[in-house]
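Here's the structure we're looking at; comments come further down.
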Amino acid sequence: MSLNKLECARPGVDKLQCFSRECPDLPVADIKKQLGVELVIKLSFNESPYGSSPRVQEALQEAIGALQLYPASYADGLCSAIAEDFRLSTNQVLIGNGADEVINLVVQAFVAPEQEVIVPFPTFGAYGAATHMVGGEVVKIPLAGWILDLEAMKAAITDKTKMIFICNPNNPTSTLLPLIN
C-alpha cells in the first residue's frame, strides 16, 4: 500500500508552502556571496546590524551557568513589567517563544476550519501558515502603494471572518500606516 506523504496529515497542511530561498531570507554570508558585496545590513528578520546590547550580553553571561535548566513557565517578571509599562493586568499579556508561537497560539484559540482570516499581501508569512494549519481560509488583500489598504480589508469582512492581521510596520515592506487622530 502506497500513501501520499500528506494523506496522514491533518487538513490544511497541504496548503503550507516552504519558505522560498530568496535573498532576504539567506544568512548574511550567503547574501554577500550571492550579491558580490561586502556590506550587508539585513533587516528582514528584525535583526540588528549593531549586534546585541551590552545589557543583553551581560544578562547572558550571568545566565550561562544555568542554561541547562528549563526557564520559568509563566515569565512572571516579564509579564509584570510589560503589564505595568502598558497599563494592563498581567492576564492581558501573552508571552511566547517569538512572534510565530504567539501567532500560532492565537489562531489555534480563535479560528476554526473554514473561518476566514484577513491579511494584507504581501505580509509576514506566519499569519497564513497558522491559518492553514487550523483549516481556516486566508483572505489576501493587496497593498495599496505599499501600504496596508484598511478600507479594502474592512470591505472584505464577511460572516466567516474571524480574525484580521494588521502588521505595522508591515513585513516585508516595512511601510507604516499613517497616524490617525
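Would you check if Arg55 is at pLDDT below 85 and of a type in the set (D, E, K, R)? It is false that Arg55 is at pLDDT below 85 and of a type in the set (D, E, K, R).
The number of residues in segment 12-37 being aliphatic (A, V, I, L, M), modelled with pLDDT of 75 or more and surrounded by 11 or more Cβ atoms within 10 Å (Cβ to Cβ) comes to 4. Return yes when Glu62 is part of a helix (DSSP H, G or I), at pLDDT 95 or above and charged (D, E, K, R) and no when it is not. Answer is no for this residue. Could you please let me know if Leu43 is in contact with a helix residue (DSSP H, G or I) (Cβ under 8 Å, 6 or more places away or on another chain) and in a loop (DSSP other than H, G, I, E, B)? No, not satisfied.
There is at least one residue in segment 106-120 that is touching a residue at least 60 places away in the same chain (Cβ under 8 Å) and more than 25 Å from Lys42 (Cα to Cα).
Residue-level check: of (1) out of contact with any strand residue (DSSP E or B) (no Cβ under 9 Å at 6 or more places or on another chain); (2) buried (at least 16 other Cβ atoms within 10 Å of the Cβ); (3) polar (S, T, N, Q); (4) within 26 Å of Ala9 (Cα to Cα), Gln108 misses just (2).
The values are calculated or read from the model by the stated rules, or taken from the named source; none is laboratory data. From a predicted model like this one, the values you see are computed outputs, not experimental measurements. Quick reminder, even Gly has a Cβ in these numbers, built from the backbone with ideal geometry, and neighbours come from all protein chains shown.
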